[in-house]
Amino acid sequence: MRPLTEAETRAVFEKLGRYIGENIQLLVDRPDGTYCFRLHRDRVYYLSEKLLKVATSIPRDNLVSLGTCFGKFTKTQKFRLSVTALDFLAPYAKYKVWVKPGSEQSFLYGNHVLKSGLGRITENTAQYQGVVVYSMADVPLGFGVAAKSTQECRKVDPMAIVVFHQADVGEYVRSEDTLT
């Protein structure tokens with residue numbers, strides 16, 4: 001487990017910035033202590049510095065995971081955000097989308113959000129902006145990328161895609177073997 005390099009930190013923060021903007025600072029300096037990001041086997045983990053100090057006594061070969069996995073680096077060194085980061089992204093999300101109850105199941109199966117399933121959307125959401133997807137009961141379901149801006153969503157036909165699916169809580173069931 002090692003600290004992120006400058007390029008890796010930039011890639012992680014750019015991806016997080018799409019969803020929570022300048023609220024990244026709130027992830028690192030929390031009231032309950034200081035948190036940091038560490039890399040272990042191409043996966044980025046978010047953990048407290050207290051936990052990090054305790055983990056130094058464990059050999060790297062024996063360490064499977066530590067803290068919360070925020071995502072992983074692909075072989076081309078692009079950072080891919082994981083659904084396990086949703087609980088930390090949701091409270092700080094700048095742009096949100098709420099889906100109707102009938103579309104929740106479709107989104108949780110890995111499909112995009114259609115205009116017919118869109119309940120609400122945050123004002124001034126730009127096209128290709130990272131959004132957190134909520135149920136109408138304000139339960140975070142996942143995250144994606146806005147396919148249309150807020151203004152375009154009002155005019156588009158009901159079968160058009162408004163949010164591209166990226167990750168959802170249904171992945172816990174679909175990919176339970178690969179999530180760490």
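The values are calculated or read from the model by the stated rules, or taken from the named source; none is laboratory data. Treat the numbers as computed from the prediction; the structure is a model and nothing was measured. Reconstructed Cβ throughout: ideal geometry from the backbone, glycine too, with neighbour counts over all protein chains shown. The area values use the complete protein model at the heavy-atom level, side chains included, leaving out ligands, DNA and RNA. Shrake-Rupley method; radii C 1.70, N 1.55, O 1.52, S 1.80 Å.
Just checking: which of the helices (runs of 4 or more DSSP H) contained wholly in the range 1-63 hold 1 or more residues that are in contact with a Leu (Cβ under 8 Å, 6 or more places away or on another chain), under 23 Å from LYS75 (Cα atoms) and open to solvent by less than 40 Å² (accessible area, probe 1.4 Å)?
Values: elements: 6-20, 24-28, 49-55.
By residue number, 6-20.
Would you tally the residues in the range 92-102 being over 14 Å from GLY130 (Cα atoms) and either open to solvent by 50 Å² or more (accessible area, probe 1.4 Å) or of a type in the set (Lys, Arg) (or both)?
So the answer is 3.
For the range 103-161, give me each residue that is open to solvent by 70 Å² or more (accessible area, probe 1.4 Å), at positive phi and under 17 Å from the mean Cα position of the chain (by Cα).
Those that are open to solvent by 70 Å² or more (accessible area, probe 1.4 Å), at positive phi and under 17 Å from the mean Cα position of the chain (by Cα): TYR128, ASP138.
Of everything in the range 89-112 that's touching a helix residue (DSSP H, G or I) at 6+ places or on another chain (Cβ under 6 Å) and of a type outside the set (Gly, Ala, Ser), which residue is nearest to CYS153 (Cα to Cα)?
Selected residue: VAL99.
Between a first residue in the range 83-94 that is farther than 13 Å from ILE24 by Cα and a second residue that is assigned to a helix (DSSP H, G or I), which pairs have beta carbons less than 8 Å apart while being 6 or more apart in sequence or on different chains?
Listed by first residue and then by second, the contacts come to VAL83/GLU171; VAL83/TYR172.
Determine, yes or no, whether PHE70 is under 15 Å from VAL133 (Cβ atoms), at pLDDT 90 or above and of a type outside the set (Lys, Arg). Talk me through it step by step, then tell me what you get.
Working: under 15 Å from VAL133 (Cβ atoms): no; at pLDDT 90 or above: yes; of a type outside the set (Lys, Arg): yes.
So PHE70 fails the test.
Please identify the pairs in which a residue from the range 133-146 that is part of a strand (DSSP E or B) has its Cβ atom under 7 Å from the Cβ atom of a residue that is open to solvent by 10 Å² or more (accessible area, probe 1.4 Å) and of a type in the set (Val, Ile, Thr), counting only partners at least 6 apart or on another chain.
LEU141/VAL169; GLY142/VAL169
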